[in-house]
Amino acid sequence: LLQQMSAIVQMPYPSNWSSSAFSSALSLLGIMARGSSRLCVLILRDENLLRALASLLDREKAHCWDSLRVIDSLLPDAPLPEEACAGVRTRRKSSEFTANPSPSDEKRREALVNEPKLLEFLGAVTFGGLIDFYVGSEVPVQRDTVLNALQKYVALATPEAIRPLLRLGSSSRREGDMVAAQLDFVPFLASLLGGNGSLVGRVRCLNICSALLGKVSDDVRLSFQREGMIQEIKRLQARVDTFEEDKNNDSVATIKRKARALYAAHFEGNTEEVTASFRAAGEIASTLRAADSASASEPLSQLAALLCSAESMSTYELFESGLVSSLHAYLGSSSSSVEQVNRLLVLFGVFGRTEF
């Protein structure tokens with residue numbers, strides 16, 4: 001039966017099968033994956049099937065939601081740290097947190113521990129597509145399922161499986177059946193913590209951050225600085241931006257508790273919260289904001305050198321350091337049209353001779 005369902009899913013899309021039959025095949029794969037550790041391992045060993053599932057994550061395809069649920073089913077639920085579980089209601093049907101995994105989850109997790117390479121390929125073909133799915137979806141249950149899958153993957157995967165997924169890229173466009181370049185994972189997490197995710201989504205995000213710092217801390221610590229993650233985690237200890245009707249939601253207390261534990265374990269007294277580039281950018285911004293055409297050459301030259309340095313700057317650093325607003329003030333604050341032209345000439349003079 002597994003071979004037959006696999007053959008149906010791997011047919012060129014759209015297949016000759018009816019939409020309902022194709023959906024039923026995907027549903028059966030999810031049931032098999034969740035109910036049997038042996039069948040789950042067989043599915044994860046079938047690289048062609050995993051490629052087919054990954055290709056179906058494209059939201060323009062009719063069965064993207066079915067494919068997402070299969071991928072989520074391949075990853076067993078894991079027990080969460082005590083501080084993450086506190087106050088979070090467990091409802092398997094809505095893909096919320098599971099404090100007490102089932103016996104099937106335990107067996108599947110044991111099987112994946114014994115054969116860790118299975119998760120490496122699953123992550124390679126689906127990770128970028130999962131993030132794209134989240135960004136393109138406005139359906140809460142779909143977004144929550146994506147985060148649930150990402151959380152389970154990071155919790156289960158080895159450092160060797162996680163590191164390739166942290167490589168920077170501009171998009172998750174595919175070449176053939178493999179992901180060519182992932183969306184930046186840490187900036188994605190930063191956007192969720194900063195308020196672009198639901199309350200439960202932010203709890204999941206904190207769990208992902210905790211797993212990353214526990215497994216690949218040296219690989220992500222600098223990215224956490226550049227994206228303002230450390231400052232955001234510090235802020236969440238005391239305040240969680242939310243709608244008024246959610247003030248008493250259990251997840252608010254969970255977010256604060258989890259943020260406190262995460263900050264104390266990994267950042268408190270152990271690291272700078274911002275990078276040297278961020279501090280340098282702030283000093284340049286302060287000087288540039290008060291500059292005119294006669295005095296702007298030096299801070300603009302410093303800015304050009306900073307942007308050309310080996311240590312790149314994130315979008316977060318460009319905005320939060322004040323560089324963007326200071327450039328706007330430099331170019332637009334003068335009421336004299338002659339001065340405005342002179343300021344532009346200085347800007348062009350500095351950046352026109354700079355090789356980026």
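Quick note: the coordinates plus some simple rules give every number you see, no bench work behind them. For clarity, every value in this text was computed on a predicted model and none was experimentally measured. All Cβ positions, even for glycine, are placed from backbone atoms using ideal geometry, and neighbour counts span all protein chains on display.
Couple of notes before you dig in:
- Annotation for Val113 and Ala21: the two label points, set 7 Å from Cα along the Cα-Cβ direction, are 4.3 nm apart.
- In segment 199-356, the C-alpha radius of gyration followed by the widest Cα-Cα span (Dmax) gives 20.1, 59 angstrom.
- Summary of packing: across the peptides 221-230, 324-333, the per-residue average of other C-beta atoms within 10 Å ranks them, highest first, as 221-230, 324-333.
- Glu273/Leu307 FRET efficiency (R0 22 Å; Cβ-Cβ; nearest 0.05): 0.50
- Convex hull volume per residue for segment 295-356, taking Cα atoms only, in Å³: 78
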